[in-house]
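Notes follow once the structure below has been shown.
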Amino acid sequence: MSHSPLLGLPGPPPSLLADVGTALAAARDVVREYDPDLVVLFAPDHYNGFFYRLMPPFCVGTAARGVGDYGTQSGELDVPAELAYGLAEAAWAADVDVAVSTGMDVDHGTVQPLAALFGDIAARPVVPVFVNSVAVPLAPLRRARLLGAAIGRYLAGLDRRVLVLGSGGLSHDPPVPNLASPPEVLERIVHGRPPTVGERQARQSAVIEAAASFARGTADLRPLNPEWDRRVLDVLDQGRLAELDGWTNDGITREGGNSAHEIRTWVAAFAALAATGPYQVRTSYYRPAPELIAGFAVRTAFPR
């Protein structure tokens, strides 16, 4: 499923929120019926838990807490540490290098899906897997597929009902800090200096204004690319994951925008499912949503 900080902020029209809410409710019904006893969640970070002073391509959390950005729920996640270590070891055994965090901070990219599906971020045991999708340079897309496949094989050997989640937008290019940012912003995204209350409020206001301008067509942001979004979803829906190995980072940026690299969370999640064999999509939703500055999609899928 996609996420957006704007889902919890003023600005998006009620009709859009109702439409997205219906899609999330359908996914919630599927999850409630399945009743998982473990969640593995692939998600990015937006300089709230991972910073340029040490930016791994992937990281498994053995303990984690939500930071509460953009009004999302804060607090501890219920992370089964021993199982999380086993998941990391399975990745290493498959020649996929992951870092391990015993105190991972997670933001709306992780928290929003958990709250949407379960009502509370600590409702189910969850292993968070950070997938760098924002801070360049980025690992090749195929590495996300290999990570997901390794984790999927490990999960298939557990006697558990596992829900695998991928959390990320499709085409989108919101105003995200980078290494060319002013010194005060650079200090935060490199060294992880916590933002002040005023800085957090200013950032939130800037995102609201950027979304409003983007929806009016007056923002200097790369437009959404529904055609590319549908191409991505088509590949995932049909299980043609190996085709993505040839997609370059430059090509993804050119087609989908700087933050379109969040599709790696979807690729990892579907690769984990594909490790059990062919799968079938059960419910699907897609909408280009300029008011959220994102191509927004929801999918549920099960092994055939």
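A short reminder: the numbers here are calculations on the coordinates, not readings from a lab. Fair warning: this is a prediction, and the values are worked out from it, not measured in the lab. All Cβ positions, even for glycine, are placed from backbone atoms using ideal geometry, and neighbour counts span all protein chains on display.
Summary of values
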item	result
Span-rule helices in the chain, defined as complete DSSP H runs reaching 27 Å or more along the axis (Cα) with Kyte mean at least -1.0	14-34, 197-216
Relative contact order %, the chain, counting alpha carbon pairs below 8 Å whose residues are six or more apart	27 percent
Calculated FRET efficiency for the pair Leu17/Glu227, C-beta based, R₀ 35 Å, to 0.05	0.90
Asp173, Asp37 arranged by Cβ crowding within 10 Å, fewest neighbours leading	Asp37, Asp173
Net charge contributed by nearby residues that have their C-beta within less than 11 Å of Gly109 (K/R +1, D/E -1)	-4
Gyration tensor (alpha-carbon) shape descriptor, the chain, a/c threshold 1.5	rounded
Percent of Cα pairs exceeding the 27 Å cut-off, where the set is the stretch 1-157	23 percent
Projected label distance in nm at Ala25 and Thr248, using a 7 Å step from Cα toward the beta-carbon	4.6 nm
Inter-label distance, nm, simple model (7 Å from Cα along the C-beta direction), Glu76/Asp97	3.3 nm
Relative packing of peptides 10-16, 150-156 - highest average C-beta neighbours within 10 Å first	150-156, 10-16
Local net charge near Asp37, Cβ-Cβ under 9 Å (Lys/Arg +1, Asp/Glu -1)	+2
Principal semi-axes in Å for the stretch 122-216 [√(5λ), Cα gyration tensor, largest first]	33, 17, 16
Share antiparallel - DSSP beta bridges, the chain, percent rounded to 5	50 percent
Computed E for Ala180/Ser284 - FRET, C-beta separation, R0 35 angstrom, nearest 0.05	0.40
Projected label distance in nm at Gln238 and Ala156, using a 7 Å step from Cα toward the beta-carbon	2.3 nm
